[in-house]
Amino acid sequence: MNRKNHRFSISPYLFVAPSVLLFSLTILVPIVMTFVFSFYDWNGFGQMTFTGFDNYVRAFQDRVYLLSYWHIFIYIVLTIILEVFCGLALAGLITMKRRGSGLFRVAFFTPVMLPMIVVSYLWKFVYNSDFGLINSVLNSIGLESWTRVWLGDPKFAIYAVTFVSGWVFAGYYMTIFYAGIQRIPNDIYESAYLDGASNWDIFFKIKIPMIRDLVDVAIMLCVLGGFQAFDLFYVMTNGGPYNSTEIVTTYIVKVVFNNMSIGYGSALAVIMSIVIATLGIVTNKLKKKDNGTLEY
């Protein structure tokens, strides 16, 4: 046997070393340091004081932090309805309508291409209580009692911000579902039409079941997106009014950069990471239990 074939070579490791180093410096090291900082009281400049689990105990006693998870829950549920289900309905309507479908796809997808900061400022003008589009329309049709300070009312602010997210990403999920529907063979549609099925029957009984995997992925993206949301809330309300739109990411930024509490902010970030990881594991377990449907 030729021993040259079993000679150790360092070349493959040298090729992957830059990527491993970059990944370690940008991902692994910050994760480890965040976990370490969570056990200290530190303002980022002075001496670090070990506090054990005090930051975690404080987190579970922090009303604003706990409330931020409820806001995320509301945001996730509403975005699933506004983005996933509306995107699915739009994809179904476009596949039923052959003429002009390309124009509709472009129109619905256009908001996705806009920077979120631009979208946030645009809708701040739309929601403006003095000269905003919504209140102006309501006043013009005699519904003055319906006008309100949309982003300044604690009862409506979270819904106003969430609607903007739905307006942006419904077209994104529409494109995903449309691509999945296009992969379904036409023979299936022809057989359904011969059996007397209507367009809506085909949509609910053929199209949706055959792209169910895409729907599951879209819902999972909405869940993860809910925990990653930041720019929309930060620009439009910055957590206000009276913490009614405070979410975990905006609160952590305030704790770390406004209050200069690095240790406590790190503990909040660790807890959020554990929550996200738990949701991912549970979702993956539930997904493995149901794999019997033919999908495209």
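The values are calculated or read from the model by the stated rules, or taken from the named source; none is laboratory data. For clarity, every value in this text was computed on a predicted model and none was experimentally measured. All Cβ positions, glycine included, derive from the backbone under ideal geometry; neighbour counts span all protein chains shown. All accessible areas refer to the heavy atoms of the entire protein, side chains included, with ligands and DNA or RNA removed. Shrake-Rupley method; radii C 1.70, N 1.55, O 1.52, S 1.80 Å.
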* Asked: Is there a residue being surrounded by 19 or more Cβ atoms within 10 Å (Cβ to Cβ) and at negative phi anywhere in the range 189-203?
  -> yes
* Please work out if residue 175 is polar (S, T, N, Q), touching a residue at least 60 places away in the same chain (Cβ under 8 Å), closer than 13 Å to residue 236 by Cα and not in a loop (DSSP other than H, G, I, E, B). => no
* To do: Name the residue, out of 223, 235, 255, 215, that is under 25 Å from residue 41 (Cα atoms) and open to solvent by less than 50 Å² (accessible area, probe 1.4 Å).
  => 255
* To do: Return yes when residue 252 is more than 28 Å from residue 85 (Cβ to Cβ), among the aliphatic types (A, V, I, L, M) and under 19 Å from the mean Cα position of the chain (by Cα) and no when it is not.
  => yes
* To do: Return the total of residues in the range 84-111 being open to solvent by less than 40 Å² (accessible area, probe 1.4 Å) and of a type in the set (Val, Ile, Thr).
  => 3
* To do: Kindly provide the set of residues from the range 112-146 that are at pLDDT 90 or above, open to solvent by 30 Å² or more (accessible area, probe 1.4 Å) and not in a helix (DSSP H, G or I), ordered by number.
  => 114, 115, 128, 141
* Those residues that are more than 11 Å from residue 88 (Cα to Cα) and small (Gly, Ala, Ser), I need them from the range 180-215; list them, please. => 191, 192, 196, 197, 198
* Only one residue in 170, 197 is among the small types (Gly, Ala, Ser) and outside any loop (DSSP other than H, G, I, E, B). Which one? -> 170
* Structure fact -> The condition of being of a type in the set (Asp, Glu) and modelled with pLDDT under 90 holds, among 295, 246, only for 295
* Structure fact -> Across the range 178-194, the tally of residues that are in a helix (DSSP H, G or I) and over 29 Å from residue 77 (Cα atoms) stands at 9
* Structure fact -> Of the residues in the range 38-74 that are in contact (Cβ under 8 Å) with a residue 40 or more places away in the chain and part of a strand (DSSP E or B), the one that is least open to solvent (accessible area, probe 1.4 Å) is 40
* Asked: For residue 260, which of the numbered conditions (1) assigned to a loop (DSSP other than H, G, I, E, B); (2) on the phi < 0 side of the Ramachandran plot; (3) loosely packed, with under 15 Cβ neighbours inside 10 Å fails to hold?
  -> (2)
* Of the residues 203, 163, which is at pLDDT 90 or above and not β-branched (Val, Ile, Thr)? -> 163
* So residue 13, is it within 19 Å of residue 250 (Cα to Cα), assigned to a helix (DSSP H, G or I) and aromatic (Phe, Trp, Tyr) -> no
* To do: Could you identify the single residue in 211, 276 that is more than 20 Å from the chain's Cα centre (by Cα) and in contact (Cβ under 8 Å) with a residue 24 or more places away in the chain?
  => 211
